[in-house]
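Heads up, the thing below is written out as structure tokens.
The values are calculated or read from the model by the stated rules, or taken from the named source; none is laboratory data. Quick caveat: nothing in here was measured; it's all calculated off a predicted structure. Please note: Cβ atoms are built from the backbone with ideal geometry, for glycine as well, and neighbour counts cover all protein chains shown.
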Amino acid sequence: MSHNHRIPGSKTLTVVACLLAFWAGGKAAAVQEALVPERSTASAEVLYSPEDRPADRLVSLYNGAQKSIYLAIYGLTYPPIIKALVAAHKRGVDVRVITDRQKLEDTNQRTGLETLRLAGIPIKVNRHDGLMHIKQAVIDDRVNTSGSMNQTSSAARYNDERLDIVHDASSTQRAKDKFLKMWADHGRFEDWR
């Protein structure tokens, strides 16, 4: 036995809301608001590496930052990204980085982090036994990124990677809250150098 379920569209919900309002004494607007949510202003860009050049899009986002860049990233070696983060810091942008301590064994990672540290950008690494494997950036409380992509030269040029750039206040706030919780957790994360 098959069941076909039809989900009502917004016009159907509007009619239902009006009927409910009529029966409830004329409060149509309140009933319609409850049944028909506001349109979301969220949008997302989905980029694949190497063909969509997501690392270049990150550089553009960092170059446009005015307030803050909170970056939690496993791998960070791509020179244009390092340069964009340093330039943002020099413009007065609050740039902070959290990365994985095991990645410090990678010479390219260590070089990139040294460049950031010498520029005055604070860096934290994990103290716990697991990986700090998040790959996200929060830029100016307006956009956040996620996906499989590390911010490395290999990810930019050779690997099959995905980068999602999300323009949404709610998910951006959640990503920022997670980053700041990690930043303040002295039991799990410590200053690097």
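Can you go through A21, A29 and tell me which one is at pLDDT below 60, surrounded by 12 or more Cβ atoms within 10 Å (Cβ to Cβ), out of contact with any Leu (no Cβ under 8 Å at 6 or more places or on another chain) and in a helix (DSSP H, G or I)?
Going through A21, A29 in turn, just one is at pLDDT below 60, surrounded by 12 or more Cβ atoms within 10 Å (Cβ to Cβ), out of contact with any Leu (no Cβ under 8 Å at 6 or more places or on another chain) and in a helix (DSSP H, G or I): A21.
Kindly provide the set of residues from segment 53-98 that are in contact with a Lys or Arg (Cβ under 9 Å, 6 or more places away or on another chain), closer than 18 Å to G147 by Cβ and without any contact (Cβ under 8 Å) to a residue 60 or more places away in the chain, ordered by number.
Answer for segment 53-98, where residues must be in contact with a Lys or Arg (Cβ under 9 Å, 6 or more places away or on another chain), closer than 18 Å to G147 by Cβ and without any contact (Cβ under 8 Å) to a residue 60 or more places away in the chain: V59, V97.
Answer with yes or no whether I134 is under 19 Å from A55 (Cβ atoms), assigned by TED's automatic domain parsing to the domain that holds L58 and either within 17 Å of the chain's Cα centre (by Cα) or modelled with pLDDT under 95 (or both).
On the way: under 19 Å from A55 (Cβ atoms): yes; assigned by TED's automatic domain parsing to the domain that holds L58: yes; either within 17 Å of the chain's Cα centre (by Cα) or modelled with pLDDT under 95 (or both): yes.
The answer is yes for I134.
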